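This report refers to the structure that appears directly beneath it.
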Amino acid sequence: HYHNSEEPMTMIEGRSDGSQNYVRLGGGRSEGNSMTILEGYFGGNDEDDGGTKKFSFDEANGYFLQKIGIGVTAPDGLFHVRDNTLDTTATHYNIFSEFTKTAGDTNSSDDFFGIYNSAIYNHADQCGNLVGMYTRAQSQNESGEAGDIRGVQVDAILTAGDFNNIRGQEVVTTV
């Protein structure tokens with residue numbers, strides 16, 4: 001430890017409490033100080049000195065510097081989620097985003113986005129399609145029975161307060 005008067009840093013701890021087995025990284029016990037930054041470095045082979053930083057986490061922020069796959073080993077995009085084993089009759093959300101604003105002063109210039117997506121093409125060459133958000137709803141139901149198919153469903157609900165505008169969907173085209 002840098003300060004001799006402090007406890008050592010807890011790097012890795014393993015413990016069992018009779019019903020669970022734990023592996024703790026960087027803290028979890030009063031006998032040691034917790035980590036403040038976790039970084040991951042990777043090399044291209046077993047002789048790569050230093051490596052390249054691929055992720056970093058601290059108390060306030062975390063980021064990855066490569067593609068992330070959940071349910072897929074070779075992601076096609078920066079963030080790729082796949083569930084090939086969906087075997088349920090209940091409602092399923094592949095990506096679920098939800099937040100509730102509960103505190104802090106706000107004014108009419110404050111915006112809140114569940115999902116914000118921006119697509120900018122800034123190159124001299126021509127491009128094909130530029131799509132900010134693409135959604136496909138496709139049924140391969142062979143029984144001939146299906147509920148609704150919606151590419152996008154938007155609910156805009158005002159339960160209290162005043163708003164200048166409330167929109168389920170807004171499309172603005174500037175040519």
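Which one, THR36, GLN20, THR52, projects farthest toward the positive side of the charge dipole computed for the stretch 6-60 from Cβ point charges (K/R +1, D/E -1)?
GLN20
How large, in percent, is the carbon and sulfur part of the accessible surface of the stretch 1-80 at a probe radius of 1.4 Å?
Details: 3290 of 6550 Å².
Reported share for carbon and sulfur atoms: 50 percent.
Loop only per DSSP, at most 10 neighbouring Cβ atoms within 10 Å: give me the GluC sites (Glu not before Pro) in the stretch 8-57, ordered by residue number.
Those satisfying the criteria are GLU31, GLU47.
Taking K and R as +1 and D and E as -1, what net charge do the other residues with C-beta under 10 Å from the C-beta of LEU65 add up to?
+3
Can you pull out the chymotrypsin sites (Phe, Trp or Tyr not before Pro) in the stretch 1-85 that DSSP calls coil and that have at most 15 other Cβ atoms within 10 Å?
Details: sites: TYR2, TYR22, TYR41, PHE42, PHE55, PHE57, TYR63, PHE64, PHE79; in loops: TYR2.
Answer in residue order: TYR2.
Can you list the trypsin sites (Lys or Arg not before Pro) in the stretch 1-98 that are in a DSSP coil and have 14 or fewer other beta carbons within 10 angstrom? The partial results should precede the final answer.
Numbers: sites: ARG15, ARG24, ARG29, LYS53, LYS54, LYS67, ARG82; in loops: ARG29, LYS67, ARG82.
Within the stretch 1-98, the qualifying trypsin sites (Lys or Arg not before Pro) (loop, at most 14 other Cβ atoms within 10 Å) are ARG29, LYS67, ARG82.
The values are calculated or read from the model by the stated rules, or taken from the named source; none is laboratory data. In this text the structure is predicted, and so the values were computed from the model without any measurement. Neighbour counts are summed over all protein chains in view; Cβ atoms, including those assigned to glycine, are modelled from backbone coordinates with ideal geometry. Ligands, DNA and RNA are stripped out before the accessible areas are found, and what is left, the full protein with its side chains, is counted by its heavy atoms. Shrake-Rupley method; radii C 1.70, N 1.55, O 1.52, S 1.80 Å.
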